1. Confirm whether LEU299 is within 30 Å of ILE354 (Cα to Cα), more than 15 Å from ligand 2 (Cβ to nearest atom) and buried (at least 22 other Cβ atoms within 10 Å of the Cβ).
2. In region 155-173, what count of residues is obtained for those that are in contact with a strand residue (DSSP E or B) (Cβ under 6 Å, 6 or more places away or on another chain) and among the polar types (S, T, N, Q)?
3. Does ARG89 qualify as being more than 16 Å from ligand 1 (Cβ to nearest atom), surrounded by fewer than 20 Cβ atoms within 10 Å (Cβ to Cβ) and not in a helix (DSSP H, G or I)?
4. Within region 55-80, track down each residue that is closer than 25 Å to LYS263 by Cα, in contact with a Leu (Cβ under 7 Å, 6 or more places away or on another chain) and buried (at least 16 other Cβ atoms within 10 Å of the Cβ).
5. With respect to ALA202, determine if the residue is more than 13 Å from ligand 1 (Cβ to nearest atom) and either without any contact (Cβ under 8 Å) to a residue 24 or more places away in the chain or assigned to a loop (DSSP other than H, G, I, E, B) (or both).
6. Go through the residues of region 321-329 one by one and say whether even a single one is crowded, with 20+ Cβ neighbours inside 10 Å, assigned to a loop (DSSP other than H, G, I, E, B) and within 16 Å of ligand 2 (Cβ to nearest atom).
Amino acid sequence: MRITRLTVFHLDLPLAKPYWLSGGRLKFDRLDSTYLRIDTDEGVTGWGEGCPWGHSYLPAHGPGLRAGIATLAPHLLGLDPRSLDHVNRVMDLQLPGHSYVKSPIDMACWDILGQVAGLPLWQLLGGEAATPVPINSSISTGTPDQMLGLIAEAAAQGYRTHSAKIGGSDPAQDIARIEAISAGLPDGHRVTFDVNRAWTPAIAVEVLNSVRARDWIEQPCQTLDQCAHVARRVANPIMLDECLHEFSDHLAAWSRGACEGVKIKPNRVGGLTRARQIRDFGVSVGWQMHIEDVGGTALADTAALHLAASTPEANRLASWLGHAHLADDPIPGQGARNRDGLATPPSAPGLGVIPDPEALGRPVASYD
Ligand SMILES: O=C([O-])C1=[NH+]CCC1
Ligand SMILES: [Mg+2]
């Protein structure tokens, strides 16, 4: 089997409402997504999606993703898409780094492999069943009462696990948010406080040693070094996200005792092949993991959910659905959807999502 064509679609995705990060320093109101279709000489077609969360959340942006695909395309044509490790080695040789560019290419190759094998990705990734996975809500930064109100709204939609965004400039406000939310959570609910790099180490140590709550704290500071410094001085379990890109970053995080868990996002680490490698390492060292994608439509959400559903329950916390934040849905009814706070990956062979090219508009590029 050989890759015969790569077709690129650019989707402008307005968010249903603005999304704030890092204590309100970063505002997002639309996403720039890239859908990639890979065709083969045996008539099997695979789909992938790359969708950075804006251009300020990670070192990734939409135009760069499509430029990277243009660079890699000549080196991908003629390869066997089923040989995933070889495809990734070719991409790493021809374009070092740029993980976010490689993710939709890798994802589309996994889709093809699953279709050829006649197996859903949750099974190819080692899972026992299409396990329903708890879905994290997204609680924007606000006053404690505002955030508790958003949690109550999410609970009414069935969510039992929440991602609460904190990390303002005033430690007293974050102390109040953590104490109020941990005390006010409905019974049986869990919360991860996601700081999105907004604290300095000193503020992180001050806030976390001032609260009684022992919930997960995600990405307290900007760098792995700073987070490792904080982890040695606080009692909360630490989860890392934005500072982990390569496998080596995850190895360093483990060897330095910098965290008890990580957030795995295929579009941050380079696709399902790299995400699976990190997931398997996380299982071997006993991490607990949120497995989701950076953002995008139900296509990217579904790829990440296959990996989440194939992860042992002892190591799996929750997933998250980026498409729930979008104003429009280019693949209505397909893929991972929230059902009472849970989402289940499809069991059709491959990814289980088949976008309608007509709904995507004209391709912006094609390579054959
Ligand atoms: O986990 C995270 O940091 C984010 N999820 C969506 C945007 C940022
Ligand atoms: Mg995060």
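The values are calculated or read from the model by the stated rules, or taken from the named source; none is laboratory data. A quick note: this is a predicted structure, and the numbers were derived from the prediction, not measured. Neighbour counts are summed over all protein chains in view; Cβ atoms, including those assigned to glycine, are modelled from backbone coordinates with ideal geometry.
1. On the way: within 30 Å of ILE354 (Cα to Cα): yes; more than 15 Å from ligand 2 (Cβ to nearest atom): yes; buried (at least 22 other Cβ atoms within 10 Å of the Cβ): yes.
Yes, satisfied.
2. The qualifying residues number 2.
3. no
4. Within region 55-80, TYR57, GLY68 meet the criteria.
5. Working: more than 13 Å from ligand 1 (Cβ to nearest atom): yes; either without any contact (Cβ under 8 Å) to a residue 24 or more places away in the chain or assigned to a loop (DSSP other than H, G, I, E, B) (or both): yes.
Criteria met by ALA202.
6. yes
One line per residue, one yes/no per condition, for (1) within 18 Å of MET107 (Cα to Cα); (2) of a type in the set (Lys, Arg); (3) touching a strand residue (DSSP E or B) at 6+ places or on another chain (Cβ under 8 Å):
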residue: HIS229; (1), (2), (3): no, no, no
residue: VAL234; (1), (2), (3): no, no, yes
residue: PRO237; (1), (2), (3): no, no, yes
residue: LEU240; (1), (2), (3): no, no, yes
residue: GLU246; (1), (2), (3): yes, no, no
residue: ASP249; (1), (2), (3): no, no, no
residue: ARG256; (1), (2), (3): no, yes, no
residue: GLU260; (1), (2), (3): no, no, yes
residue: LEU272; (1), (2), (3): yes, no, no
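Rundown of residues vs (1) at pLDDT 95 or above; (2) over 19 Å from the mean Cα position of the chain (by Cα); (3) surrounded by fewer than 24 Cβ atoms within 10 Å (Cβ to Cβ), yes/no style:
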residue: LEU307; (1), (2), (3): yes, no, no
residue: GLU313; (1), (2), (3): yes, no, yes
residue: GLY333; (1), (2), (3): no, yes, yes
residue: THR344; (1), (2), (3): yes, no, yes
